[in-house]
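Taking it in order: structure first as structure tokens, then the write-up.
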Amino acid sequence: MTYRLYYWTGIQGRGEFVRLALEDAGAAYVDVARVDGDAALQPFLDGERDGPRPFAPPFLVTGTRVIAQVANILHALGPELDLVPADEAARLQALQLQLTIADLVTEIHDSHHPIASAEYYEAQQDAAARRAADLRAQRLPKFLGYFEDVLATGAGHALGRHSYVDLSLFQLIRGLDYAYPRAMAALAPRLPRLRALERRVADRPGIGAYLDSDRRLAFNTQGIFRHYPELDGPAGD
Ligand SMILES: N[C@@H](CCC(=O)N[C@@H](CS)C(=O)NCC(=O)O)C(=O)O
């Protein structure tokens, strides 16, 4: 079975959380828009294809199955790629953690686009400065401190063994290191387990090969994790 991943070209974006799971597992997949262009997404978004109509990418297609929402896609992929424990309680815990990651991803996006997603950063720069300061002072320490505690109870893993949640935490740390290097340096002493997990995931065979490939795009100022030096600074109290 070949998975078909639909996501915008040119950025890692939210598609990257799905890509990392497929790459780690060595799954056969096509990154459709990188082959056929962004226009390939439109028939699905317009409801012109069989299956449930997604609101936004990323979405994953196999046969007539169309699955949208990152956390939902990973919830479906987890058992198929052996990226989650088999029992229901662990699958729900994984989904809960992934949804919490999604909440933080939205807050990170909103730190550079606090007023309107469709308007330029430069048109909302003052509000972005206030939002980013709060992200650094309050929200990153709270979210990342929570994930640090989760790793403490899971022997360095989110779920006590390797899972798609570990892969997403890796992406979260890499993205934040790019977007908010000063804040992440300030928080580093409080996040030893997240840092160890980030290094461990990078060393996994599938992930290492992916990171070295041209399939892994560089972070840039079009995606979710954006580096604007004026938004970065001290973190925490
Ligand atoms: N909660 C959704 C968010 C999806 C989302 O916001 N996708 C972005 C790209 S990263 C998009 O194209 N959104 C279009 C829109 O919100 O109008 C998820 O986690 O998949």
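Please compute the Kirkwood hydrodynamic radius of the chain from all pairs of different C-alpha atoms, in Å with one decimal.
Working: mean 1/r = 0.0544 Å⁻¹.
Every distinct Cα pair counted, the radius reaches 18.4 Å.
What is the gain in length, in nm to one decimal, between residue 216 and residue 161 on full extension, counting 0.36 nm per residue of separation less the C-alpha to C-alpha distance? Working shown, then result.
On the way: separation 55, 0.36 × 55 = 19.80 nm, distance 2.49 nm.
Here the answer is 17.3 nm.
What is the distance, in nm, between label points placed 7 Å from the Cα along the Cα-to-Cβ direction at residue 45 and at residue 149?
Simple spin-label model gives 3.8 nm for this pair.
Which distance in nm do the two modelled labels at residue 55 and residue 126 give, with both placed 7 Å along the Cα-to-Cβ direction?
3.1 nm
Counting other C-beta atoms within 10 Å, which of 184, 1 has the fewest, and how do the rest follow? Don't skip to the answer; put the middle values down first.
Numbers: 184 22, 1 8.
Fewest to most other Cβ atoms nearby, the residues stand as 1, 184.
Please work out how much length the chain gains when fully extended from residue 35 to residue 117, using 0.36 nm per residue of separation minus the C-alpha to C-alpha distance, in nm with one decimal. All intermediate terms of the calculation are to be shown ahead of the outcome.
Working: separation 82, 0.36 × 82 = 29.52 nm, distance 2.66 nm.
Computed gain between residue 35 and residue 117 is 26.9 nm.
Using the Cβ atoms and a cut-off under 13 Å, what net charge is assigned to the surroundings of residue 42, where Lys and Arg are +1 and Asp and Glu are -1?
Numbers: positive: 49, 53; negative: 36, 38, 46, 48.
Result for the local shell: -2.
Bear in mind that the values in this text are calculations on the coordinates, not laboratory data. Bear in mind that the values here come from a model prediction, so they are computed numbers and not experimental data. FYI the Cβ positions are ideal-geometry reconstructions off the backbone, even for glycines, and counts take in every protein chain you see.
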